[in-house]
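The values are calculated or read from the model by the stated rules, or taken from the named source; none is laboratory data. Quick caveat, the model's predicted, so the values are computed rather than measured. Ideal geometry is used to build each Cβ from the backbone, glycine not excepted, and the neighbour counts take in all protein chains shown. In case anyone asks, the SASA skips ligands and DNA or RNA and just uses the protein heavy atoms, side chains included. Shrake-Rupley method; radii C 1.70, N 1.55, O 1.52, S 1.80 Å.
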Amino acid sequence: MSSIKSTEFCSCSSSSLTIIDRPNKHLQVEIHHGLFSGKRKSATDSKNWYDELLSNVKWHRVKYKSSRFQSDCETPCYTAFYGGRKEYKPYTPVPDWIKPLIKEVTAHLNCNSDVPIQFNAFLLRLYFDGNDEIAWHTDGRTFLGAEPTIASLSLGNKATFQLRRMHNVWPCVNGTASTEGSIDTTTPIESFVLQDGDLLVMKGKTQQYWHHRVPKEKGRGVRLNINFRYIMPGVDAERGQMTYYKYMVYGDVPIDQDPPSWTFDEIMKKKGGIMNFVKGGVKRKAAAAAAAAAANSVAVPLVGGQTSDEKPQDEAEPKIDPLPATSKASPIQGPTSNLIPDIQQYLSSQNDIDEAVFNSLPIEIQHELVTQRKLQNEPHTNEQTTKQCDMAEKKKSKLSGRRGTLNSFFAKK
Ligand SMILES: O=C(O)CCC(=O)C(=O)O
Ligand SMILES: [Fe+2]
């Protein structure tokens with residue numbers, strides 16, 4: 001394997017790094033903070049990768065029948081998969097637009113590493129909101145090697161990433177899948193908050209001894225994750241690659257057919273028609289605002305579901321305590337502060353509206369909703385002319401047409 005150590009793109013010196021190295025617990029994790037966020041563009045590439053992903057990726061929500069459970073399953077977040085080994089099928093070449101990002105992540109890790117690091121398989125996840133998740137799992141697989149280096153880039157909304165120690169996670173003794181009984185309850189769960197642009201790296205025996213997950217979190221907005229792995233040639237690699245494509249792309253759709261997929265804009269529409277209101281150019285801001293708003297909201301992990309590229313989870317989730325509150329979202333910032341009383345009144349009167357979701361909406365939609373409420377509630381005075389009433393009625397009916405879609409978007413889940 002040729003060395004790809006390079007300082008060409010290296011920004012190691014200017015990024016802060018958290019290193020967790022606990023050999024007695026077989027835990028080896030690094031977090032390279034804020035490396036690839038929109039705010040801190042790299043020296044060589046001015047693209048905002050969050051926007052690039054939202055514009056370019058076609059996402060899947062994979063459905064498959066679990067033979068173990070004899071039931072229909074759906075992955076708990078949107079997924080895509082690029083690469084693997086060309087000699088195996090299925091194989092989707094890594095698209096050109098994402099190559100500079102991969103090059104940069106790889107170069108960055110190599111300038112901090114004595115052994116050459118390379119990646120050929122890329123798992124992409126879109127967590128649309130706090131109901132999307134990935135449950136406890138290990139990334140450990142024979143075809144990734146005994147001690148794989150797995151890098152994971154977070155973009156957009158912050159999220160909680162947790163690790164729990166296991167006794168028999170991978171490779172499982174006697175082929176028995178890990179169960180609740182295998183959790184090392186004497187070792188506390190590790191929790192990190194991954195922010196926009198953080199690159200988390202798991203190394204050494206971490207996959208052999210630890211599960212990780214991203215739990216559901218109330219109020220979380222759009223988050224993206226790219227997971228960088230290297231499928232080694234040889235034993236099990238072909239089957240392994242097939243498994244990735246099955247659980248990230250095809251599900252039960254045969255590989256000679258096109259699996260269903262959606263762009264981010266289509267997902268937004270599917271989620272409740274918000275794009276009907278958002279004119280070109282504003283949509284990225286809407287997603288960015290979603291990230292910012294939920295970043296300020298209180299993080300409360302809920303109970304997990306099932307993994308996606310991994311086999312369905314076969315264990316009851318332990319309930320974990322809610323995380324401590326960080327900072328509470330302010331109802332609204334910036335030029336619309338004169339609307340604060342109206343907005344507060346609006347939010348307190350709308351039991352079915354999630355405040356974090358409201359805060360993430362473009363300002364003009366916030367205005368529209370508040371105006372809509374005022375129109376509905378304000379009694380007409382005797383002084384009102386017929387013309388004014390007509391106009392108000394017209395506006396009311398225009399807005400109520402939009403209301404259904406917005407309400408379904410807002411509905412607290
Ligand atoms: O979204 C994340 O941070 C983690 C994703 C993950 O664990 C995986 O893709 O295997
Ligand atoms: Fe993982």
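Brief remarks on what is shown
- Scanning the range 146-161 for residues that are within 27 Å of residue 185 (Cα to Cα) and near ligand 1 (Cβ under 10 Å from one of its atoms) returns 150, 152, 159, 160, 161.
- Selected residue [open to solvent by less than 10 Å² (accessible area, probe 1.4 Å), within 13 Å of ligand 1 (Cβ to nearest atom) and either in a helix (DSSP H, G or I) or under 23 Å from residue 264 (Cα atoms) (or both)] from 143, 81: 81
- For residue 66: the one exception among (1) modelled with pLDDT of 95 or more; (2) open to solvent by less than 10 Å² (accessible area, probe 1.4 Å); (3) in contact with a strand residue (DSSP E or B) (Cβ under 7 Å, 6 or more places away or on another chain); (4) over 26 Å from residue 234 (Cβ atoms): (1)
- Remark: pairs (first residue in the range 217-228, closer than 28 Å to residue 104 by Cα; second residue more than 16 Å from ligand 2 (Cβ to nearest atom) and of a type in the set (Phe, Trp, Tyr); Cβ separation under 9 Å; 6+ apart in sequence or on different chains) = 221/128; 222/50; 222/128; 222/264; 223/128; 224/49; 224/50; 226/49.
- Looking only at residues of the range 188-202 that are part of a loop (DSSP other than H, G, I, E, B) and at pLDDT 95 or above, we find that the one that is farthest from the chain's Cα centre (by Cα) is 188.
- Some residue of the range 12-23 being more than 20 Å from residue 134 (Cα to Cα), surrounded by 17 or more Cβ atoms within 10 Å (Cβ to Cβ), touching a strand residue (DSSP E or B) at 6+ places or on another chain (Cβ under 7 Å) and at pLDDT below 90: yes
- Of all residues in the range 203-241, those satisfying the criterion of being part of a helix (DSSP H, G or I) and either surrounded by fewer than 17 Cβ atoms within 10 Å (Cβ to Cβ) or of a type in the set (Gly, Ala, Ser) (or both) are 237, 239, 240.
- Every residue from the range 238-253 that is within 15 Å of residue 85 (Cα to Cα) and acidic (Asp, Glu): 238
- When residue 258 is tested against (1) within 16 Å of ligand 2 (Cβ to nearest atom); (2) among the acidic types (Asp, Glu); (3) modelled with pLDDT of 50 or more, only condition (1) is not met.
- Residue check, residue 76 part of a loop (DSSP other than H, G, I, E, B), within 21 Å of the chain's Cα centre (by Cα) and not hydrophobic (A, V, I, L, M, F, W, C): yes
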